[in-house]
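Nothing in this text is a laboratory measurement; each read-out follows from the coordinates by a stated rule. Owing to the predicted nature of the structure, the values given are computational and were not obtained by experimental measurement. No Cβ is skipped: glycine too gets one built from the backbone with ideal geometry, and neighbour counts run over all protein chains shown.
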């Protein structure tokens, strides 16, 4: 499935997703599914919204704090994966030997 054109991402849904992600404090992470449940959409749509941020729009959205339900970074590109991991580590988030983040320690308990 093709990703949406970043020039078409300023929809109310994407703006709602970005507003939710802005609430995740430094040193905490949330899953795509968790954000989707709050925003009323699928985890996949949250992923598309995060990918759309690559265009440089909304630099205040802490995209690096959104990871998959396994506690891992989903970006396949090695540079992108490194960039996200580095940003999280700079915030104090730790990865275990399997490159996973412990939700019990670093998980964001946001809106139900």
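Annotations
- 15 Å reach of a label modelled at residue 77, 7 Å along Cα-to-Cβ, counting backbone N of the stretch 15-35: none
- Cα long-axis angle, helix 43-52 against the chain (0 to 90 degrees, to the nearest 10): 80
- On Cα atoms only, tilt of 12-21 relative to the major axis of the chain in degrees: 20
- Scaling against 2.2 N^0.38 Å puts the C-alpha radius of gyration of the chain at 1.00.
- Between the helical axis of 78-90 and the longest alpha-carbon principal axis of the chain there is an angle of about 60 degrees.
- Of 25, 12, 62, the one that fluctuates the most in a GNM where the chain has Cα springs shorter than 10 Å: 12
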